[in-house]
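The values are calculated or read from the model by the stated rules, or taken from the named source; none is laboratory data. All values reported here derive from a predicted model rather than from experimental measurement. We place every Cβ from the backbone using ideal geometry, glycine too, and count neighbours over all the protein chains shown.
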Amino acid sequence: MDDKIVVEDLSFYYGDTPALVDINLKVQTNSVMALIGPSGCGKSTFLRCINRMNDIIPFTRVEGKINVDDEDIYDQKFDVTNLRRRVGMVFQKSNPFPKSIFENIAYGLRINGIKDKYSIERTVEESLKKTALWNEVKDRLNDSAMGLSGGQQQRLCIARTIAIQPDIILMDEPASALDPISTQKIEELIHNLKTQFTIVIVTHNMQQAARVSDYTAFFYMGKLIEVNKTDTIFTNPEKEMTENYITGKFG
Amino acid sequence: MTTHLQQELEHISQKIFQMADLAIESIQNAVTSLKNVDTALAESVIQKDTKLDQLEISIDEDCIRVLVTKHPAAADLRLVLAILKANTDLERIGDLSTSIAKETIRLDGRSPLKPLVDIPRMSEMAINMIKLAFRSFTERNADLARDCIELDRQIDDLNMQVYRELFSFMAENPSTISQALGLISVSKALERIGDHATNLAERAIYYIEGEDIRHQE
């Protein structure tokens, strides 16, 4: 299979402090890669490097290369707005716009130049169906999104992300603030979405990483310790440090 | 710090070791009962098999509980999976010992067809194999498990030797057929015990190295 994301010798600094050191990693197209590791190990920083979210943090510096579809996203000529359209992101805390359910999805479509009313309506419906939210909200599309439950809000945020057809979805602990049923829905969703998207997910929940991902990368103190197929990582990891982390001996 | 998971794994390991000791004892007593035509000892083997059956169920329950509640990973997970399977092998070893003990009872006080030489040797080898497999578990030394697997061939050879000898008895004197068939079934049971001991060694290697070496000849 093709590699959607290829990371080469990536280092990242907050001021003079290295947060990521010499990361080399490939993410296959239409696969789910889970990033695990103790707090402060650099996994969220790494995630944010993939859509250049760290650019907005002052006094930070990137070395090395990240290629998305063979294009260097840190190349000076690279269009960051276009990158963020291609690489969607879902955060730990759901962050719907203080607008109607419909507008939450339609807004992104409009600013991406889609004006046709029917086309927008169709995409809103499709996105809500793909995130299994349609049946729950179809009668109240004009109600405020802020009235939805936490789990519904998070699925709306995912619907908003996929509506503009990105290639990659980055998820930063998307279910950590949700109840078990909502978590299960998000995990099912991830499973279904990977047929169309490439997903990179940061999670503190190792069982979640085991359940949703095809590959797992273990980070520790800014270094990528091991990346492997998820079943290998959780049954027979190569590195002792990975073993100690996933068996709860440190972290 | 010892975690709850480690405590549970230690508890299950102790149970499987206890089961291994019982299985070894049942092989020993079954073959001794046959050698000495000791019906009482044979009956005690059959009675004690219940203990192995109970332990099998109890270990299965413990493993399921740990899998569901503690989500073990890596070597911890492999240990639980290895114990789950070793559990079945040990229970089967108990059943095979019981069938040897039943052969003693069938003799009804009569001496066996011939003095037993190879059959006690087979049982010693089988016991040695089980001990090696479990030492491999406790010492996390896969070489011991590989030594165990090597021994299985010797048991198979002895089994064939016993077959040949008993075939010649039967050919010379058809009145020995019934007793000879009894001893053939004992020899077969010990050969099967060797196979189960091989399985135990394979489980140990899976636990230690994470590699499944079954069916690789």
Answer yes or no: is there a residue in segment B:116-139 that is surrounded by fewer than 15 Cβ atoms within 10 Å (Cβ to Cβ) and farther than 26 Å from residue B:45 by Cα.
-> yes
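Could you identify the single residue in A:99, A:65, A:93 that is of a type in the set (Lys, Arg), in contact with a helix residue (DSSP H, G or I) (Cβ under 7 Å, 6 or more places away or on another chain) and touching a residue at least 24 places away in the same chain (Cβ under 8 Å)? Give the steps one after another, and end with the answer.
Details: A:65 fails: in contact with a helix residue (DSSP H, G or I) (Cβ under 7 Å, 6 or more places away or on another chain); A:93 fails: in contact with a helix residue (DSSP H, G or I) (Cβ under 7 Å, 6 or more places away or on another chain).
None of the others qualify; the one that does is A:99.
For (1) free of Cβ contacts under 8 Å to residues at least 12 places away in the same chain; (2) of a type in the set (D, E, K, R); (3) away from chain A (no Cβ under 14 Å); (4) exposed (fewer than 15 other Cβ atoms within 10 Å of the Cβ), each residue gets a yes or a no:
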| position | (1), (2), (3), (4) |
| --- | --- |
| B:180 | no, no, yes, no |
| B:183 | no, no, yes, no |
| B:201 | no, no, yes, no |
| B:206 | no, no, no, no |
| B:211 | yes, yes, no, yes |
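Can we say residue A:159 is at pLDDT 95 or above and small (Gly, Ala, Ser)?
Working: at pLDDT 95 or above: yes; small (Gly, Ala, Ser): yes.
Considered against the rule, which asks whether it is at pLDDT 95 or above and small (Gly, Ala, Ser), residue A:159 comes out as yes.
Does segment B:121-141 contain at least one residue that is under 30 Å from residue A:210 (Cα atoms) and within 14 Å of chain A (Cβ to nearest Cβ)? Explain how you work it out, then say what you get.
Of all residues in segment B:121-141, those under 30 Å from residue A:210 (Cα atoms) come to B:136-141.
Now restrict to residues that are within 14 Å of chain A (Cβ to nearest Cβ): B:140.
So far as segment B:121-141 goes, yes, one or more of its residues are under 30 Å from residue A:210 (Cα atoms) and within 14 Å of chain A (Cβ to nearest Cβ).
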Restricting attention to segment A:85-102, the residues that are surrounded by 19 or more Cβ atoms within 10 Å (Cβ to Cβ) and in a helix (DSSP H, G or I) number exactly 2
Residue check, residue A:115 against (1) modelled with pLDDT under 95; (2) assigned to a helix (DSSP H, G or I); (3) more than 18 Å from the chain's Cα centre (by Cα), all met but one. Which one?
-> (2)
Taking segment B:114-170 as the search range and keeping residues that are in contact (Cβ under 8 Å) with a residue 24 or more places away in the chain and basic (Lys, Arg), which one is farthest from residue B:79 (Cα to Cα)?
-> B:114
Could you please let me know if residue A:10 is farther than 28 Å from residue A:249 by Cα, touching a strand residue (DSSP E or B) at 6+ places or on another chain (Cβ under 6 Å) and crowded, with 17+ Cβ neighbours inside 10 Å?
-> yes
Quick check, is residue B:16 within 19 Å of residue B:121 (Cα to Cα) and touching a residue at least 40 places away in the same chain (Cβ under 8 Å)?
-> no
Only one of A:111, A:158, A:162 that is loosely packed, with under 13 Cβ neighbours inside 10 Å and under 22 Å from residue A:53 (Cβ atoms) | A:111
Check whether at least one residue in segment B:144-156 is within 14 Å of chain A (Cβ to nearest Cβ), closer than 22 Å to residue B:17 by Cβ and assigned to a helix (DSSP H, G or I), and report yes or no.
-> no
